[in-house]
Amino acid sequence: MDDTHSAVERPAQPVVVTKPGHPISRQDVDPDAQKIIYRLHRLGFTAYLTGGAVRDLMLGRPAKDFDVVTDARPGQIKKRFPKAYIIGRRFRLAHVHFGGGKYIEVATFRRISDQAARETPAEESAPAHPYGTAEEDAFRRDITINALYYDVINDAVIDYVGGLEDIARRTVRVIGNPAERFTEDPVRIWRVLRYAARLGFAVEEAAEREIPGHAHLIAASSGARLYEELNKDLAFETRPVMETLRKYAILRHVFGKAGEAYETDAELFSRLSSLLDIVDRARTAGFLPTLEEMYTVLFWPWVQPLLEATGVDYHKVLSDSFRDAGMRVSIPRNLRADSSQVLIIVAAIDRALRTGRMRWALLQRPHFGPAQRLYFLFFKGRLPEKDESFEALFRQAFPGGRKGTRRRRRRRSFGGRSFSDQK
Ligand code: ATP
Ligand code: MG
């Protein structure tokens, strides 16, 4: 493994930029992350801020999680920080806790990437020499703009991989040979496209060229990892990322037939895209959709025509469609069941407002609240105001009063599990 690692062949001469050459201010750095860095420094270790936080601060965006890297080994960190817990089997790293559930991730510089470690035989619990220098740690990362370090002590940005130039050029560049890095871990294709989409950066040509030939490998990645990556994109700025994934024909490798439908049917995708746009905007105004709601949004444009085409059995249509779609992402069973229920109730609300027939018992279901909220989003292109509700809409449309549906045949169609039945 040593001799295939290109980082060790390069001279360790990083570009170091001090103020006023970079825009990061210590005030933007989480005080607890700073405490850890200063403490490690006093103990004689090197410690930097790294990853997404440095990238976002360099771009003048607020940083989300403040990850620290250091040359201190996990055991050394644990000894010196009473509230440090070691996690991970292969790559052990420390979580330093600060109360209220908050923790800062403190990792030791690594030589090789997570994916390379995953490929070591299962009986070896850790690669023989997993740890390395700051330089090696930078080179095992995915893209140059994610591999910068911020040295809080000296107020300097350290760049081994050309990330600063790429920030200036607004380019997403894969570290190393894109074909090799994509083969080693195809999820990196998704990551390249994510940061290009979120930041409005271009994908560097050498990487872009390798995407079509390697995209199919994504389908062979673990469904759990795809789920992890998907959740990052469902948390914010969902629309630009989904649009970019579609442009590069990645959706089919994640969502199977649902992804194909979104890729081949421009009209279908534009419906998804405008829903995601409304959600992204509402989020910046404080709306916090749940994961269950995000999965409902994601699948609604795809399932709506399928539900409409059936008379009654929504449950069966959903479970058949999801089973036959051949999705590669593993969505946990409970989440699938919950968003199925929401999808079914949204469709029922729509049908009630068109036909005047409603199964009123649905209003008692825990999924009714989210379904009502999403009905407004899907059919009115906005979230409901405080005084708006399904019942108010129904009274307005059918002043004659409530009508129930016949119970006998319909009962099963709204009940039970749905695409959770998928294997
Ligand atoms: P954000 O959390 O804002 O999406 P991030 O850069 O922090 O961005 P994470 O997914 O949290 O992204 O990963 C943290 C860091 O780990 C990345 O910045 C990158 O350096 C490294 N990394 C993550 N995934 C990979 C991968 N598949 N291959 C190599 N390095 C990776
Ligand atoms: Mg992160």
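The residues of region 53-98 that are under 25 Å from the mean Cα position of the chain (by Cα), in a strand (DSSP E or B) and within 16 Å of ligand 1 (Cβ to nearest atom), listed by number, are Asp67, Val68, Val69, Ile87, Leu93, Ala94, His95.
Screening Leu217, Leu193, Leu199 for residues that are touching a residue at least 40 places away in the same chain (Cβ under 8 Å) and either within 16 Å of ligand 2 (Cβ to nearest atom) or surrounded by fewer than 20 Cβ atoms within 10 Å (Cβ to Cβ) (or both) leaves exactly one candidate, Leu199. Does Glu267 satisfy being among the acidic types (Asp, Glu) and not assigned by TED's automatic domain parsing to the domain that holds Phe299? Judged against the criteria, Glu267 is not a match. Of the candidates Ala215, Ala197, Ala207, the single residue that is small (Gly, Ala, Ser), within 16 Å of ligand 1 (Cβ to nearest atom), more than 24 Å from Arg61 (Cβ to Cβ) and not assigned by TED's automatic domain parsing to the domain that holds Met327 is Ala215. Within region 13-61, the set of residues being within 14 Å of ligand 2 (Cβ to nearest atom) and either touching a residue at least 24 places away in the same chain (Cβ under 8 Å) or on the phi > 0 side of the Ramachandran plot (or both) comprises Asp30, Ala33, Leu49, Thr50, Gly51, Gly52, Ala53, Val54, Arg55, Leu57.
Number of residues in region 284-333 that are farther than 30 Å from Lys386 by Cβ, more than 15 Å from the chain's Cα centre (by Cα) and among the aliphatic types (A, V, I, L, M): the value is 7. Being within 26 Å of Glu237 (Cβ to Cβ), at pLDDT below 95, out of contact with any Ser or Thr (no Cβ under 8 Å at 6 or more places or on another chain) and not hydroxyl-bearing (Ser, Thr, Tyr) is the requirement here; does Asp65 meet it? Yes. One residue alone among Val241, Val254 is part of a helix (DSSP H, G or I), buried (at least 18 other Cβ atoms within 10 Å of the Cβ) and either of a type in the set (Phe, Trp, Tyr) or within 12 Å of ligand 1 (Cβ to nearest atom) (or both), and that residue is Val241.
The values are calculated or read from the model by the stated rules, or taken from the named source; none is laboratory data. If you're wondering where the values come from, they're calculated on a predicted model, not measured in any experiment. Methodologically, a virtual Cβ is constructed for each residue, glycine included, from the backbone with ideal geometry; neighbour enumeration extends over all protein chains shown.
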